[in-house]
6 protein chains.
Amino acid sequence: MGIVYVSRKEHFNAAHKLYNPNWTEEKNVEVFGPCANTNWHGHNFDMIVTVKGTPDPETGFVIDLKKLSTLIRRDVIDQLDHKNLNVDVPFMQDKMASCENLVMEIWKILQPTIPKISKTGELYCIKLYETPRNFVEYFG
Amino acid sequence: MGIVYVSRKEHFNAAHKLYNPNWTEEKNVEVFGPCANTNWHGHNFDMIVTVKGTPDPETGFVIDLKKLSTLIRRDVIDQLDHKNLNVDVPFMQDKMASCENLVMEIWKILQPTIPKISKTGELYCIKLYETPRNFVEYFG
Amino acid sequence: MGIVYVSRKEHFNAAHKLYNPNWTEEKNVEVFGPCANTNWHGHNFDMIVTVKGTPDPETGFVIDLKKLSTLIRRDVIDQLDHKNLNVDVPFMQDKMASCENLVMEIWKILQPTIPKISKTGELYCIKLYETPRNFVEYFG
Amino acid sequence: MGIVYVSRKEHFNAAHKLYNPNWTEEKNVEVFGPCANTNWHGHNFDMIVTVKGTPDPETGFVIDLKKLSTLIRRDVIDQLDHKNLNVDVPFMQDKMASCENLVMEIWKILQPTIPKISKTGELYCIKLYETPRNFVEYFG
Amino acid sequence: MGIVYVSRKEHFNAAHKLYNPNWTEEKNVEVFGPCANTNWHGHNFDMIVTVKGTPDPETGFVIDLKKLSTLIRRDVIDQLDHKNLNVDVPFMQDKMASCENLVMEIWKILQPTIPKISKTGELYCIKLYETPRNFVEYFG
Amino acid sequence: MGIVYVSRKEHFNAAHKLYNPNWTEEKNVEVFGPCANTNWHGHNFDMIVTVKGTPDPETGFVIDLKKLSTLIRRDVIDQLDHKNLNVDVPFMQDKMASCENLVMEIWKILQPTIPKISKTGELYCIKLYETPRNFVEYFG
């Protein structure tokens with residue numbers, strides 16, 4: 001049996017701003033423009049989690065996508081949905097609330113737990129859409 | 001010549017929360033759930049503005065969609081994009097920051113100005129997507 | 001306050017076939033082509049439910065979309081999702097399993113219950129996508 | 001039985017320009033901007049045709065969407081797809097190649113032929129997308 | 001000339017269920033939940049076939065996408081569209097009707113025939129969407 | 001810090017035809033079919049530019065997506081939007097106006113300039129959609 005890549009898409013809605021506390025207000029506005037707005041802005045984030053592995057002959061599955069969805073919701077979405085990424089999310093404290101940093105933190109959460117719900121599967125990629133036109137991918 | 005309905009889609013990203021200041025914190029959470037999160041959440045809003053009218057024989061246009069786009073951006077998007085709907089937007093002060101209230105306020109802004117950029121066109125509908133699954137329409 | 005139209009999109013996956021038991025096999029194939037396939041085929045259906053009404057000043061809502069989503073899932077999606085429309089769905093018995101018939105039956109279910117979760121809202125439209133290119137709308 | 005609105009989405013790819021031959025080159029550029037480019041530009045057009053009627057009890061259909069698709073392709077898409085709207089399309093001669101004019105001409109073609117393939121159906125609306133953000137609707 | 005990856009998207013609608021005949025009914029329901037529904041359910045599947053190769057200088061093509069579309073429709077879509085994946089499809093007999101198994105079988109069909117319609121192209125990836133939120137990729 | 005892949009989506013509308021001047025008209029029609037139409041046809045092209053690199057700790061960015069968008073618009077979109085790819089675009093002269101050739105030329109333009117707006121970023125991939133169903137990717 002070959003390797004198959006299996007993906008599940010989830011979403012969450014959150015507020016954030018891009019603001020470096022070591023900089024002046026002026027420098028923040030110069031670098032981040034409206035993304036530095038004091039009172040926040042927000043997005044509908046879409047997130048695609050991809051797991052690679054060989055299908056189990058008894059189920060035909062690399063991973064049970066219902067279990068993967070439940071895992072992503074419990075460990076990631078519930079920490080982020082209807083939250084403020086800068087203020088409400090412990091694992092984003094003291095980090096710039098950029099998509100790049102967010103996707104790397106989500107990786108740290110999901111990577112160790114995937115093997116608990118799949119015999120052969122391992123986390124391969126997380127793709128995070130901030131908008132339909134701006135998105136990031138992380139492969140660990 | 002018949003009536004043609006012409007539409008332009010724009011988008012903006014904003015933070016908001018649903019919170020009634022006349023209610024206790026408990027009642028707000030009971031009614032609005034995570035939408036009442038103190039530190040805000042946010043969305044990528046899509047907005048479709050529809051103008052009805054008869055096409056001008058010289059241009060074939062009911063309305064010049066570049067002019068309509070410029071108008072929407074100047075009068076609406078620039079007031080809302082990368083803003084906090086509850087805090088930063090004068091015309092949403094003292095109103096619940098729901099899509100229903102937002103779409104009615106946007107109508108008040110756009111309705112009088114459409115005739116200034118179109119001989120026959122009048123505002124027909126504004127459709128506002130908070131998420132791809134939740135949206136409102138207003139016809140005045 | 002004016003009338004606002006508020007919509008919620010849900011989805012379900014189901015099997016069906018188009019087959020008139022009063023006709024010969026040949027006539028069914030002639031009229032319905034591959035849609036009459038004996039062993040069924042299926043679709044990812046998308047359904048948009050639109051409620052019209054005046055927003056409640058205390059919430060800014062015509063209808064609480066979380067409650068509407070819960071209602072649609074309980075009364076409609078749970079009857080249809082991962083089911084066979086011809087065999088498993090009581091309210092489609094003895095009817096052609098077309099989108100036209102399905103949307104009218106869903107209307108009968110939702111129309112009386114909307115007022116129970118909204119003071120001013122009434123069901124306005126149900127839009128049912130069989131595929132992204134084939135869809136129906138019903139206004140009662 | 002009630003009235004159901006049934007829609008089919010088709011697409012075509014075409015070149016065009018917006019250019020009024022009664023105007024100077026300067027005025028054309030002033031009014032139409034890059035849309036007046038001498039050597040044309042083009043779009044992937046999406047077109048949604050909506051027919052209203054009462055479902056036939058024997059089929060459950062307002063209209064057979066396969067027949068509707070065949071009709072649209074033969075009478076409209078084959079005249080427009082991979083064509084130049086200004087040069088190659090007889091029914092657009094001597095008209096500005098705007099979406100408004102195009103949708104009204106497509107209506108004239110489809111309106112009389114729908115009853116030939118549906119007992120109760122009549123053409124209700126044609127929606128024409130020039131881009132995902134610019135579109136027109138015509139109801140006759 | 002470098003390597004370019006060229007993709008074509010097709011779709012089909014099919015019924016299936018996830019059911020391991022070596023297990024009890026109870027175990028099937030426990031593992032597969034509603035996906036094990038006796039009377040089937042179904043999906044609109046989207047399939048993206050990607051071919052890699054160097055463009056032919058005379059055509060600018062890695063592969064003629066019309067020929068690729070014709071090939072995919074004849075060899076794959078016609079075997080799957082409006083069919084029951086468990087019952088009607090010879091190459092899925094005695095296999096779990098999962099997307100993972102389906103994408104590997106489609107690979108076996110397409111991989112040897114791509115070189116017959118392209119001088120330099122070889123099959124690179126097949127991406128199969130069961131729903132917009134659940135999908136698999138296979139690279140051979 | 002790991003490598004993150006950051007993407008920005010832009011679009012342009014253009015006319016083109018597929019026509020090899022070394023061939024007879026008959027051979028062009030035989031090979032390219034309606035894509036060889038003398039008077040051109042056109043598309044709404046979508047283009048996704050992906051840059052890989054390590055995020056800058058001060059901004060959290062691999063690359064400032066506003067700067068990337070500005071760069072793509074100035075150096076690529078302004079050369080292609082509302083243009084004829086065969087006639088109006090210097091870098092496509094004497095080349096077949098296929099997506100394969102176009103994506104390789106766009107690479108040559110963007111690849112050297114990305115490092116000027118990002119400390120660690122380098123161009124990784126350009127994905128060019130001619131239609132939602134036909135697209136190409138180039139990795140240099």
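The values are calculated or read from the model by the stated rules, or taken from the named source; none is laboratory data. Since the model is a prediction, treat every value here as computed from it, not as a measurement. Here Cβ is always computed from backbone atoms with ideal geometry, including for glycine, and neighbour counts include all displayed protein chains. Ligands, DNA and RNA are excluded from the accessible area calculation, which covers all protein heavy atoms including side chains. Shrake-Rupley method; radii C 1.70, N 1.55, O 1.52, S 1.80 Å.
Here are the numbers:
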quantity: Shortest-first nm distances, E:Asp75 label point to equivalent points in other copies (7 Å, Cα→Cβ); calculated: 3.9, 3.9, 3.9, 5.1, 5.7
quantity: Solvent-accessible area of D:Arg73 with every protein chain in place, 1.4 Å probe, in Å² to the nearest 10; calculated: 100
quantity: Computed over chain D: relative contact order in percent, which uses C-alpha pairs under 8 Å that are six or more apart; calculated: 31
quantity: Cβ-Cβ FRET estimate between B:Glu58 and A:His11, R0 fixed at 30 Å, reported to 0.05; calculated: 0.05
quantity: Chain B Cβ-axis minimum, rotational copy F, residue and distance in Å; calculated: B:His11, 7
quantity: 222 nm mean residue ellipticity, helices alone, for the protein assembly as shown (DSSP H n ≥ 4; -39,500 (n - 2.57); rounded to 500); calculated: -6000 deg cm²/dmol
quantity: Table column - 3J(HN,Hα) (Hz), the stretch E:125-140, Karplus curve with 6.51, -1.76, 1.60, x for Gly and Pro; calculated: 7, 10, 10, 10, 9, 7, 9, x, 10, 10, 8, 10, 10, 9, 10, x
quantity: Sum of side-chain charges, F:Lys52 neighbourhood, beta-carbon under 12 Å (Lys, Arg +1; Asp, Glu -1); calculated: -3
quantity: Positive minus negative residues near B:Leu80 (Lys, Arg vs Asp, Glu; Cβ under 11 Å); calculated: -4
quantity: For A:Glu137, solvent-accessible area (1.4 Å; no DNA, RNA or ligand), Å²; calculated: 40
quantity: Inter-chain shielding of D:79-87 (mean C-beta neighbours from other protein chains, 10 Å cut-off); calculated: 4
quantity: Of all accessible heavy-atom area on the protein assembly as shown, the percent that carbon and sulfur account for (1.4 Å); calculated: 51
quantity: Part-to-part distance (alpha-carbon centres) for the stretch C:1-64 and the stretch B:90-115, which is given in Å; calculated: 32
quantity: Debye, to nearest 20: dipole size of the stretch F:40-140, +1 on Lys, Arg Cβ, -1 on Asp, Glu Cβ; calculated: 140
quantity: Sites C:Thr38 and E:Glu122, calculated FRET efficiency, Cβ-Cβ separation with R0 30 Å, nearest 0.05; calculated: 0.20
quantity: Number of partner chain Cβ atoms within 10 Å, mean per residue of E:15-28; calculated: 2
quantity: Most fluctuating residue given options B:Cys125, B:Cys35, B:Cys99, as computed from a GNM of chain B linking Cα atoms under 10 Å; calculated: B:Cys35
quantity: GNM top mover of B:Glu25, B:Glu100, B:Glu58 - chain B, alpha-carbon springs below 10 Å; calculated: B:Glu58
quantity: Per-copy distances of the C:Pro115 label point, shortest first, in nm (7 angstrom along Cα→Cβ); calculated: 3.9, 3.9, 6.0, 7.2, 7.2
quantity: Accessible-area order (highest first, 1.4 angstrom probe) of the listed residues B:Arg8, B:Arg74; calculated: B:Arg74, B:Arg8
quantity: Net charge, B:Ala15 excluded, C-beta distance under 12 Å - Lys, Arg +1, Asp, Glu -1; calculated: +2
quantity: For the protein assembly as shown, average projected area of the Cα convex hull in nm²; calculated: 35.5
quantity: Accessible area per residue, Å², chain C with all protein chains present, probe 1.4 Å; calculated: 40
quantity: 18 Å reach of a label modelled at C:Phe91, 7 Å along Cα-to-Cβ, counting backbone N of the stretch D:1-27; calculated: D:1-5
quantity: Cβ charges +1 (Lys, Arg) and -1 (Asp, Glu), total dipole of the protein assembly as shown, debye; calculated: 0
quantity: Protein accessible surface hidden between F and D, which excludes ligands and nucleic acids, total in Å², probe 1.4 Å; calculated: 1600
quantity: DSSP H segments from chain E that extend 18 Å or more along their own axis, Cα-based, with Kyte-Doolittle mean of 0.0 or above; calculated: none
quantity: Hits among lysines - C-alpha to C-alpha of D:Lys52 under 21 Å, sequence gap 8 or more where chains match; calculated: C:Lys95, C:Lys108, C:Lys127, D:Lys9, D:Lys66, D:Lys67, D:Lys108, D:Lys116, D:Lys119, D:Lys127
quantity: Of D:Asn37, D:Asn22, D:Asn13, the one that fluctuates the most in a GNM where chain D has Cα springs shorter than 10 Å; calculated: D:Asn22
quantity: Exposure of C:Ile48 as accessible area (Å², to 10), given a probe of 1.4 Å and all protein chains; calculated: 20
quantity: Cβ-vector label at 7 Å, B:Asn20, separations to other copies in nm; calculated: 4.5, 5.2, 5.4, 5.4, 7.2
quantity: Nearest-0.05 FRET efficiency for A:Trp23 and B:Thr70, computed from C-beta distance (R0 41 Å); calculated: 0.80
quantity: Built amide H within the under 5 Å cut-off of F:Asn44, gap 5+; calculated: D:Asn44
